[in-house]
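Just below is one structure, and these are the notes that go with it.
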Amino acid sequence: MCVGHPISLPSQSKVFREVDYRGPGDGGLKFIRDYRSDGFSYPATFSANLWAGLGNTWTHNYAGFALPGQNSVWVSWGQSSPDHFYTPSGSTFPRVLLPLRPGQKNRLVEPSPGRYVYFTTSNEAVVYQGGLPIGSYRPNGQGVELGYVVPRLSTARDTFGRTLAFNYDAIAHLESITDPAGQAITYAYRAPPLDPEGGGANNVAYTTLARVTYQDLQSKQYTTPNWVFNDPNPVPKMSATRIAGIVDELGATFETVTYDTYGQVTRTELAGGVSAFDVTSGVLDPLGTRRTYQFDTAAAAFSYASQPAGSGCPSAYSSSTFDTNGNLTSSTDFRGSLTCYTNDSARNIESSRVEGLGTYAACNTYTPPLAALPAGSRKLSTQWHPDWRLASKIAEPNRVTTYVYNGQPDPFNANATASCAPATAQLPDGKPIAVLCRQVEQATTDANGSQGFSAALQAGVANREQKWTYNQYGQVLTHDGPRTDVVDVTTYAYYNDTSFAGVGSAAVGHTIGDLQSVTNAAGKVTQYTKYDKHGKLLESVDPNGVVSSFSYDLRQRLLSITTGGQITSYTYDAAGQLKRITRPDASYIGYDYDPAHRQTAVFDNLGNRIEYTLDSAGNRTAETVKDTSGALRRLLARSVDALGRVQQVTGRE
């Protein structure tokens, strides 16, 4: 769990995430770096490239391994800590491996010897072969295939052929990534310090990522503490790789991180000292209030958090309890309202919750099936897809909603297996893609949800139903809406080939799977006629024949929209902050920011201007409105309590 910018508690580690590239779609190409100042944990026997190509305090979203041992397997994917699974003796293939540690909520299946499918709580199925991840897939079957020049990742290719290519230097550090348009993101490293214990040579294990240069040649830099191997302080050598500051694309230090002599974070702050969090004793926030936390190791979550007094309310605390598997069993918020949970212990997933109970209520009184609930509380019950964390049925006050997935029994069709996608649309484990075929909402007489899935249906109220069909790629072909008085089917068509004119970032055309047209229930067609190589829409034609075109910079930020010959343009600074929106008549709205990337003003081409005064936490404590002559027209002041809530307003909102 994290506070600040962020700091991971209780380890007091600096953690953060950088998105260097993101393609279209939930399961599309992306490259995301994760940093952790105390490094990432791996089993001692794993001897492959622990750095993931970025240095030993970094990893990325495609890094991972499956390491079989004596009757067990270690599995890692991305920035998550490795999971450890037990191989049941005498089991046959395909087989489900059992978690060896409490709190493991991901699942591991071995469909054939040495091949593993790792189902994560974020609904990814990661396939491993030969110890390395070879692909990651979503429930709809779309995903990314990974290629190697072993053991280094060489390519990531999405379902439709868009590719990221990875290049390395002589000592296996990631040197560059080439995106689908042929543009490069490059990585530069700080030379490792001399290691007296290693004969005075540079120790490449302590090489640190120093700079990332993006497709537009703008760079972000990471600074490290001034540290040498023979420093007399008891600092671990890993401190040589800890990030002390982040310099943004404007060349200014955006964030500063302070460590103690043991390498633990004590403070983070943004430019100008704002938004500072100090964790030397509890957590001191930017408003100067202090909070304390307690941590449940098995759940990797806070079990207790204090809150200072605010305007009209005393100091308070929130608390949570967990079972031995790390599943949440109860939570009490700062108002004293209790929520109780039950869980499926086999899958470590929520089965029901009762909300709105009194602070001292006994959970075991209200969580059993059909238990009566006190006034003001309600119950939500959930059933799940057998393989994925997708709800298949939800019971709540006055309603039950059923979600029928491809390949699963359809209770509204005599439990026949639902089929709304081609039989060839399969997941890596050979099962049908898990796309939603039907959604049915039914009104019930259960006012508080206590009856769960046994609730009686409300007489005379028709079901509200929607249906979908899909192509072999898991893309929606038709959506039949809930209306029964008219036909309300929307139809989608996609390109079945890849064709471009031009090269690189100037290429115009389409990739297989790009949306080609949408036909609404009235038969009106919107066409999507041009795309770039990232899958960004370049041109569309609405049902009236009006053409809209779109342009982007090299980092895929929208630069302009042209509709019917009228242009609206967008301007950014080097750090990607929106600076100006210019309308077709040349009028504009502009924005100013402080060095901490917080908006401080908005103005127009006539000279009207609104300026914001921010406190250290980013709350707007004053607003000054000036007219075209610069004269003050309105002044608004706000005072904020210790919880960041507006306490008093002076002036007119």
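Just so it is clear, none of the values below were taken in a lab; they were calculated from the coordinates. Treat the numbers as computed from the prediction; the structure is a model and nothing was measured. With ideal geometry, Cβ positions are generated from the backbone for all residues, glycine too; neighbour counts draw on all protein chains shown.
Oblate is the label for segment 566-650. Its Cα gyration tensor axes, ordered a ≥ b ≥ c, give a/c of at least 1.5 and b/c at or above a/b. The spread of Cα positions in segment 11-170, taken along each principal axis and listed from longest to shortest, comes to 44, 40, 30 Å.
Note on Leu457 and Leu390: the extension gain reaches 21.7 nm, defined as 0.36 nm multiplied by sequence separation minus the Cα-Cα distance.
Give me the number: length gained by fully extending Ser281 to Ala637, i.e. 0.36 nm times residue separation minus the C-alpha to C-alpha distance, one decimal in nm. If you can, show how the numbers build up before the last one.
Details: separation 356, 0.36 × 356 = 128.16 nm, distance 3.26 nm.
Working it through step by step, the gained length comes to 124.9 nm.
Rounded to whole numbers, the Karplus 3J(HN,Hα) couplings from phi for segment 335-342 are 8, x, 7, 9, 10, 10, 10, 10 Hz, using 6.51 cos²θ - 1.76 cosθ + 1.60 with θ = phi - 60°, and x at Gly and Pro.
Applying 1/(1 + (r/R0)^6) with R0 = 22 Å to the Cβ-Cβ distance of Ile589 and Leu217 gives a FRET efficiency near 0.20. Model label sites at Ala447 and Thr484, defined 7 Å from Cα along the beta-carbon direction, differ in position by 2.7 nm.
Once the C-beta distance of Glu18 and Thr359 is scaled by a Förster radius of 41 Å, the resulting FRET efficiency is 0.50 to the nearest 0.05.
Shown here: mean projected area of the Cα convex hull in nm², derived from the displayed model; of the candidates (i) 33.3; (ii) 35.4; (iii) 46.7, it corresponds to (ii).
What is the order of Ile177, Ile349, Ile171, fewest Cβ neighbours within 10 Å to most? Can you show the working numbers first?
Values: Ile177 21, Ile349 15, Ile171 10.
Taking fewest neighbouring Cβ atoms as first place, the list is Ile171, Ile349, Ile177.
Left without a cysteine partner by the 4.7 Å Cβ rule in the chain: Cys2, Cys313.
Residues whose amide H lies under 5 Å from that of Leu643, counting only those 5 or more places away or on a different chain, are Ser311; hydrogens are built 1.01 Å from N in the peptide plane. Multiplying the residue separation of Ser549 and Asn471 by 0.36 nm and removing their Cα-Cα distance gives an extension gain of 25.3 nm.
In terms of surrounding Cβ atoms within a 10 Å radius of their Cβ, Ser549, Ser281, Ser450 rank from fewest to most as Ser281, Ser549, Ser450. How many percent of the alpha carbon pairs in segment 258-352 exceed a separation of 19 Å? So the pairs more than 19 Å apart make up 56 percent of the total in segment 258-352. Straight-line reach from Lys536: taking Cα to Cα under 12 Å and skipping same-chain neighbours fewer than 8 places apart, the aspartates and glutamates in range are Asp514, Asp553.
Sort Val283, Val257 so that the residue with the fewest other Cβ atoms within 10 Å of its own Cβ comes first and the one with the most comes last.
On the way: Val283 19, Val257 22.
Listed from fewest to most nearby Cβ atoms, that is Val283, Val257.
Placing a label point 7 Å from the Cα of Thr650 along the Cα-to-Cβ direction, the residues of segment 599-635 whose backbone N falls under 13 Å from that point are 621-623, 635. Each label point was placed 7 Å from the Cα along the Cα-to-Cβ direction; for Cys2 and Ala371 their separation is 3.6 nm. On the beta carbon distance between Ala170 and Ile134, with R0 = 25 Å, the FRET formula returns roughly 0.45.
A simple spin-label model places the labels of Val508 and Phe295 5.5 nm from each other, with each point 7 Å out along Cα-to-Cβ.
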